[in-house]
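Engineer: Here it is, the structure, as structure tokens.
The values are calculated or read from the model by the stated rules, or taken from the named source; none is laboratory data. Here the structure is a predicted model, which is why all the values come from computation and not from measurement. Note: ideal-geometry Cβ built from the backbone for every residue, glycine included; neighbour counts use all protein chains shown. These area figures cover heavy atoms from the full protein model, side chains too; ligands, DNA and RNA do not enter into them. Shrake-Rupley method; radii C 1.70, N 1.55, O 1.52, S 1.80 Å.
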Amino acid sequence: MMDPIVLCYGKGQLTGFLVDPKGVLDVVPADMVVNATLAAIAKHGVVNTDQEPEINVYQIASSAINPLVFEDLAELLYNHYKSTPCMDSKGVPIRVPLMKLFDSVDDYSDHLWRDAKERRGLMNAMDSSDS
């Protein structure tokens, strides 16, 4: 679920995000999921069709042992795309700013409006009409 956010940021399409900057993101590496799945299969073995089926639920998480804080993720992504930028359709590197993290809906909304206006060149048009 994180892939579209990371890619949109790298392409310069996402400059901010509504999230608690100190909040912890539970990112579970694929190998942990595979290992836990294999362990569950080994524990329960082959299902006997003569018996009543059991419901086994497993929770896999990594944030208690290896937490990833949103503001740290923002800095990691910034450093990644700074050293390895995405390219636009003309082969020009896309430079991205450090992602702004907002814990207020109003602040995030203001950011989105400002960002949209800047992208459409409306800020310049509005500034020149004020003079």
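Engineer: Regarding the range 68-127, what whole-number volume in Å³ per residue does the convex hull of its Cα atoms give?
Structural biologist: Working: hull volume 6.5 nm³, N = 60.
Convex hull of Cα atoms, per residue: 108 Å³.
Engineer: Related question: Projected onto the charge dipole of the chain (+1 at Lys/Arg Cβ, -1 at Asp/Glu Cβ, origin at the Cα centre), which of GLY10, ILE94, LEU112 gives the Cα projection farthest towards the positive end?
Structural biologist: The residue sitting farthest along the positive end of the dipole is ILE94.
Engineer: Here is a further query. Report the calculated FRET efficiency for GLN13 and ALA64 (r = Cβ-Cβ distance, R0 = 22 Å), to the nearest 0.05.
Structural biologist: Working: r = 33 Å, r/R0 = 1.49.
Plugging the Cβ-Cβ distance into 1/(1 + (r/R0)^6) gives 0.10.
Engineer: Before I look further, what does the chain give for accessible area per residue, probe 1.4 Å, in whole square angstrom? Before the final figure, lay out each step's value.
Structural biologist: Numbers: 10080 Å² over 131 residues.
Accessible area per residue: 77 Å².
Engineer: Over the chain, what percent of the accessible surface lies on carbon and sulfur atoms, probe 1.4 Å? Mind showing how you got there, number by number?
Structural biologist: On the way: 5780 of 10080 Å².
On the chain, the fraction of accessible area on carbon and sulfur atoms equals 57 percent.
Engineer: If you average 1/r across every pair of different Cα atoms in the range 1-73 and take the reciprocal, what Kirkwood value do you get, in Å? Show your work: numbers first, answer last.
Structural biologist: Working: mean 1/r = 0.0644 Å⁻¹.
This gives a value of 15.5 Å.
Engineer: Find how much the distance from ALA116 to ALA30 grows on full extension, using 0.36 nm per residue of separation minus their present alpha carbon separation; answer in nm with one decimal.
Structural biologist: Details: separation 86, 0.36 × 86 = 30.96 nm, distance 3.57 nm.
My answer for the length gained is 27.4 nm.
Engineer: Largest first, please: the extent of the C-alpha atoms of the chain along each principal axis, to the nearest Å.
Structural biologist: On the principal axes, the chain reaches 82, 36, 29 Å in Cα extent.
Engineer: Could you pull out every residue, at least 5 positions away or on a different chain, whose amide H is within less than 5 Å of the one on LEU25? Hs are placed 1.01 Å off N in the peptide plane, and Pro or chain starts have none.
Structural biologist: Under 5 Å from the amide H of LEU25 lie the amide H atoms of LEU68, VAL69, PHE70, each far enough along the sequence or on another chain.
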